[in-house]
Amino acid sequence: MKKSRIIALVLLLSVVVGVSAFNYVMHGGGRNLLKEETNFWVSSNDLAKEFSANTNSANAKYLEKAVAVKGIVADVNNNVITLDNGIVCTLQTANNAIKKNQVVTIKGRVVGYDDLMEEIKLDQCFSI
């Protein structure tokens, strides 16, 4: 009887920790990029070249950092904007003013590089 309570308590604690970790990762740990200083200002071409040349080095430099990326909008789909060279930016809120083939600067948090699709992923993005 006591052993089953301990197991149930451990399972419940594991679920709580797992949900908390998932929420932290998916929502950026409560960061506010609007107020946060931009760590890097870079063109979409230069950012793509760095990730293509050495993914590990680029991840060490940019991952979880606030980055402003300037490039040409290749695609707009609701709150997801793709810049030239495969930079996928998930906007905090949809921005109807951003149009295809427009030159924009997007600030966001670099969350990773998909080497299969050759895409750099940013979240919490907004146009500056």
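Worth a mention:
- Residue within the stretch 14-35 that is open to solvent by 40 Å² or more (accessible area, probe 1.4 Å), modelled with pLDDT of 90 or more and closer than 15 Å to Cys125 by Cβ present: no
- Hey, Ile72 within 25 Å of Lys35 (Cβ to Cβ), in contact with a strand residue (DSSP E or B) (Cβ under 6 Å, 6 or more places away or on another chain) and not acidic (Asp, Glu) or not: no
The values are calculated or read from the model by the stated rules, or taken from the named source; none is laboratory data. Please read these numbers as outputs of a predicted model, since none were measured by experiment. A quick note on method: Cβ atoms are made from the backbone with ideal geometry, for glycine too, and the neighbour counts reach across all protein chains shown. Areas reflect the complete protein model, heavy atoms only, side chains present, ligands, DNA and RNA absent. Shrake-Rupley method; radii C 1.70, N 1.55, O 1.52, S 1.80 Å.
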